[in-house]
Amino acid sequence: MSMQYASGAVGNVTVNGVKLWDDILETARFGGTPKGGIKRLALTEEDRQVRDWFVRTCEALGCTVSHDSMGNQFARRPGTEDTLPPITMGSHLDTQPTGGKFDGIVGVLGGLAVLRALQETGRETRHPIELINWTNEEGSRFSPAMLSSGVFAGVFTEQEALDTKDREGVRLGDALEGIGYRGAEVCGAHPVAAYFELHIEQGPILEVEHKTIGIVTGVQGMRWYEVTLTGRDSHAGSTPMRLRADTLVTAARMIDAVQTIALEHGPDAVGTVGLIENRPNSRNVVPGEVFFTVDFRDPDDSIVQKMEDAFYAQASELAEKAGLTLDIARVWDTPAVQFDPECVASVTRAADTLGYPARRIVSGAGHDATYMAQVAPTAMIFVPCAGGLSHNEEESAEPDDVTAGANVLLRAVLETDMRL
Ligand SMILES: [Zn+2]
């Protein structure tokens, strides 16, 4: 890595962690629940309130705030070369029905802390710096998740997104108009030079390993399969072993193969059979049909493909040997995302310079960054959450960890501003 972007040039500017924590508590009132969580579903009155707060607060920091045709909000701090595309930070302010105070929120308010630090120290950047609040990330009211960053990246069309209905039959487009956040700028037309997202891990690894920062290198790829083996039901007493078409025994060998295949494709590959139905499931009947599911995941799609190929080959061979009919259907395929190496390197250097214990990590969950990685150099920063608990009112994170995450975000943004 080139030394010309070394830490010295970034300087010693840091975020105000106390003010960041105050912001987390203050915005938690919009949709706050008695148990200390938040219920702030996308495009509801509570969402409008937190959006209005976002506009007021960012404007008070000298930013101009706009929103696009999907209601995605952009708070902009101008650069000295203001025609350059902006370096962006973002996440989401909507929550699950029994959500916590941190999922998504840490990314937006952490970005706000970065804007505040730049403003209060009079720090100039070449690129404009922008903070994005994505509409309907959770997918709880309007399915699927990450809907508006998906439209931004061209994964979904705007029309299909606007026509998405909630369970009461309310169109997303109407709800967006209803809270006054349908903008004129076409979603996706907004230029972006790079995108950084700070988020809680939503898993246990950082906490268990006493790490403050997760340097997220990507989002793992995942494929799901449904397997049906068909043989012949027959009497457990009077059918000789050589004349059986026993599907459960062969299914057992296939399940064993799934584990072996995952182990052979390590270190990150995982393979799981979590659901099995044995028919007729009677103690004195040789099972004539078995249905089971397979789940293969890895940060690298080519590894997932290799696991799939190996499983198809071994399953076919096992079924043929046993004289069984095999049907395998791939029912879900979500490709892996590899974040931009330069952006990941900036996150790594930032954690290093600040002396935070850090490790590289692959996200098991999807985020707005998953789609943003398709249109701009992207990276993510994870901070620990207690017990790995998320999508829960008891979701919790330490103020020092949240501050650390925002400081890494700040340095990564500043370094990227100098690099691009
Ligand atoms: Zn989230």
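Summary table below
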read-out: Complete set of residues in segment 21-36 that are closer than 12 Å to Thr57 by Cβ and not β-branched (Val, Ile, Thr); value: Asp22, Asp23, Glu26
read-out: Some residue of segment 233-254 being away from the ligand (no atom under 16 Å from the Cβ), within 17 Å of Gly364 (Cα to Cα) and surrounded by fewer than 19 Cβ atoms within 10 Å (Cβ to Cβ); value: no
read-out: Residues of segment 11-48 classified as over 25 Å from the mean Cα position of the chain (by Cα), over 19 Å from Asp401 (Cα atoms) and in a helix (DSSP H, G or I), total; value: 1
read-out: Selection count, segment 240-283, where residues are outside any helix (DSSP H, G or I) and of a type in the set (Gly, Ala, Ser); value: 6
read-out: Selection from segment 157-167 of residues that are at pLDDT 95 or above and open to solvent by 20 Å² or more (accessible area, probe 1.4 Å); value: Thr157, Glu158, Gln159, Glu160, Asp163, Thr164, Lys165
read-out: Which numbered condition Gln374 misses (of (1) open to solvent by less than 40 Å² (accessible area, probe 1.4 Å); (2) of a type outside the set (Lys, Arg); (3) under 16 Å from the mean Cα position of the chain (by Cα); (4) modelled with pLDDT of 95 or more); value: (1)
read-out: Failed item in (1) over 30 Å from Leu84 (Cα atoms); (2) more than 16 Å from the ligand (Cβ to nearest atom), with Gln202 passing the rest; value: (2)
read-out: Boolean, Leu118 is under 15 Å from Val50 (Cα atoms) and either away from the ligand (no atom under 14 Å from the Cβ) or without any contact (Cβ under 8 Å) to a residue 60 or more places away in the chain (or both); value: no
read-out: Within segment 101-131, tally of residues that are in contact with a strand residue (DSSP E or B) (Cβ under 9 Å, 6 or more places away or on another chain), within 15 Å of Ala60 (Cβ to Cβ) and surrounded by fewer than 24 Cβ atoms within 10 Å (Cβ to Cβ); value: 2
read-out: Residue within segment 208-217 that is surrounded by 20 or more Cβ atoms within 10 Å (Cβ to Cβ) and free of Cβ contacts under 8 Å to residues at least 60 places away in the same chain present; value: no
read-out: Pair list, Cβ under 9 Å, 6 or more apart: segment 19-47 residue on the phi > 0 side of the Ramachandran plot and surrounded by fewer than 16 Cβ atoms within 10 Å (Cβ to Cβ), other residue part of a loop (DSSP other than H, G, I, E, B) and not β-branched (Val, Ile, Thr); value: Gly36/Ala28; Gly36/Gly100; Gly36/Lys101; Gly36/Glu393; Gly36/Glu394; Gly36/Ser396
read-out: Candidates Gln314, Gln305 - the one that is more than 16 Å from the ligand (Cβ to nearest atom), without any contact (Cβ under 8 Å) to a residue 40 or more places away in the chain and either touching a Pro at 6+ places or on another chain (Cβ under 8 Å) or among the polar types (S, T, N, Q) (or both); value: Gln305
read-out: Matching residues, segment 78-100, being surrounded by fewer than 24 Cβ atoms within 10 Å (Cβ to Cβ) and more than 18 Å from Ala145 (Cα to Cα); value: Pro78, Gly79, Thr80, Glu81, Asp82, Thr83, Leu84, Pro85
read-out: Boolean, Thr135 is of a type in the set (Ser, Thr, Tyr) and away from the ligand (no atom under 16 Å from the Cβ); value: no
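Okay, residues lined up against (1) surrounded by 17 or more Cβ atoms within 10 Å (Cβ to Cβ); (2) in contact with a strand residue (DSSP E or B) (Cβ under 6 Å, 6 or more places away or on another chain); (3) at pLDDT below 95; (4) in a strand (DSSP E or B):
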site: Asp309; (1), (2), (3), (4): no, no, no, no
site: Gln314; (1), (2), (3), (4): yes, no, no, no
site: Asp333; (1), (2), (3), (4): no, yes, yes, yes
site: Glu342; (1), (2), (3), (4): yes, no, no, no
site: Ala345; (1), (2), (3), (4): yes, no, no, no
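The values are calculated or read from the model by the stated rules, or taken from the named source; none is laboratory data. Not measured: the values here are computed from a predicted model. Note that each Cβ is placed from the backbone with ideal geometry, even for glycine, and that neighbours are counted across all protein chains shown. Only protein heavy atoms, including side chains, enter the accessible area calculation; ligands, DNA and RNA are left aside. Shrake-Rupley method; radii C 1.70, N 1.55, O 1.52, S 1.80 Å.
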